[in-house]
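The block underneath contains the structure these notes are about, expressed in structure tokens.
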Amino acid sequence: MSTTIERLDGEARDRLIRWIRHRMEEFGITPSALAQSLEADSRAEQTASYRDAWGNSWNGNGDLPEWLKRAVAAGQSIEHFRCGEGV
């Protein structure tokens, strides 16, 4: 599965990269901070025990998150959201 930037070519790709770099500089985001954040997100996804179709996840520790509370209150079984990883 390719990302949007991988599907772009030529000038469009270059413009997008320049825009991303500019926004990172504007908000003080370093490439290493971005890499650390992406790695942390990846680890969190891998350890999720429950996940919904919108990408919300929960590792099963602590209180139920709001998205899962709403689903359970609406009558959905918590087991519907259980995923294979982290269980």
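The values are calculated or read from the model by the stated rules, or taken from the named source; none is laboratory data. Please read all numbers here as calculations on a predicted model, not as lab measurements. So basically every Cβ, Gly included, is an ideal-geometry build from the backbone, and we count neighbours across all protein chains shown. Keep in mind that these areas ignore ligands, DNA and RNA; they rest on the heavy atoms of the full protein, side chains included. Shrake-Rupley method; radii C 1.70, N 1.55, O 1.52, S 1.80 Å.
Taking the condition surrounded by fewer than 11 Cβ atoms within 10 Å (Cβ to Cβ) and modelled with pLDDT under 95, does Glu6 pass?
In short, yes.
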Within segment 47-66, work out how many residues are open to solvent by 30 Å² or more (accessible area, probe 1.4 Å) and aromatic (Phe, Trp, Tyr).
2
Would you confirm whether any residue within segment 23-36 is at pLDDT below 90, closer than 30 Å to Phe81 by Cα and loosely packed, with under 11 Cβ neighbours inside 10 Å?
no
Contact list, first residue from segment 5-32 and free of Cβ contacts under 8 Å to residues at least 24 places away in the same chain, second anywhere and basic (Lys, Arg) and in a helix (DSSP H, G or I), beta-carbon distance below 7 Å, six or more apart or interchain, is Ile5/Arg13
